[in-house]
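Readers should treat all values here as calculations from the given coordinates under stated rules, not as data from a laboratory. The structure presented is a predicted model; accordingly, all values stated were derived computationally and were not measured. Quick reminder, even Gly has a Cβ in these numbers, built from the backbone with ideal geometry, and neighbours come from all protein chains shown.
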Amino acid sequence: MIRKLIPLALPVLALVGGAFGGDMLRGPAPVDETGVDAAAAGEDPATGDHAAAGDDDHAVPAEAGWFTFPTQFFVPLVRQGDMRDIMILTLTLQTDAASAPALAKKEHALRDALLRALMIHANTGGFDGNYTADRNLALLRESLRAAGQAVTDLPLTAVLIEDIALQPG
């Protein structure tokens, strides 16, 4: 009986021991004098300096808010009257932290506007060829941001394409 349990128990014990050891090696997160985790506040733990938004091209302001659509966008790719493929996207909108809850209340209008922009992009050949080229994705992001901005007066800083996949039909 014990010989049958050992092969099952050893991997579980190794996983628990590895997780515990890794947590111990990482140590506690540095905390500033206000009791806030320095890394979460955008502070460099080594120097204590706050990161400036202009320090990195990909830096996100500390006051950024995010709204991720709970379901994916499905865009049919129609050529000569036949639906051949489906483009599947997961999108997130960047706004300020105060506007994120209000943006969530406009989910349906935003989804409609973004889906319309995705359909236009698809019908004009935007998903043909190398649709993941930087230039093509930049055009798509900007058209999605403009479409979203048209249905809300809330600030939309950017549209993030978290997932994009072509499903052959």
Open item on the list: Could you give each residue of segment 94-104 its phi-based ³J(HN,Hα) in whole Hz, using Karplus coefficients 6.51, -1.76, 1.60 with θ = phi - 60°, and x for Gly or Pro?
Closed with: 9, 9, 8, 4, 6, 8, 4, x, 5, 5, 5
Open item on the list: Which residue, 136, 83, 68, has the largest displacement toward the positive end of the dipole of segment 64-168 when charges sit on each Cβ (Lys, Arg +1; Asp, Glu -1)?
Closed with: 83
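Around residue 90, what is the net charge, scoring Lys/Arg as +1 and Asp/Glu as -1 over all other residues with Cβ under 9 Å from its Cβ?
On the way: positive: none; negative: 162, 163.
Residues near residue 90 contribute -2 overall.
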Task: 12 Å beta-carbon shell around residue 100, net charge (K/R +1, D/E -1) - done: -1
Open item on the list: How far apart, in nanometres, would the label points at residue 141 and residue 161 be if each is projected 7 angstrom from Cα along the Cα-to-Cβ direction?
Closed with: 1.0 nm
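Work out, step by step, the length gained on full extension between residue 123 and residue 78: first 0.36 nm times the residue separation, then minus their alpha carbon distance; give nm to one decimal.
Details: separation 45, 0.36 × 45 = 16.20 nm, distance 0.74 nm.
That works out to 15.5 nm of additional length.
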Open item on the list: Could you work out how much longer the chain between residue 4 and residue 97 gets when fully extended? Use 0.36 nm per residue separation minus the Cα distance between them, nm to one decimal.
Closed with: 28.1 nm
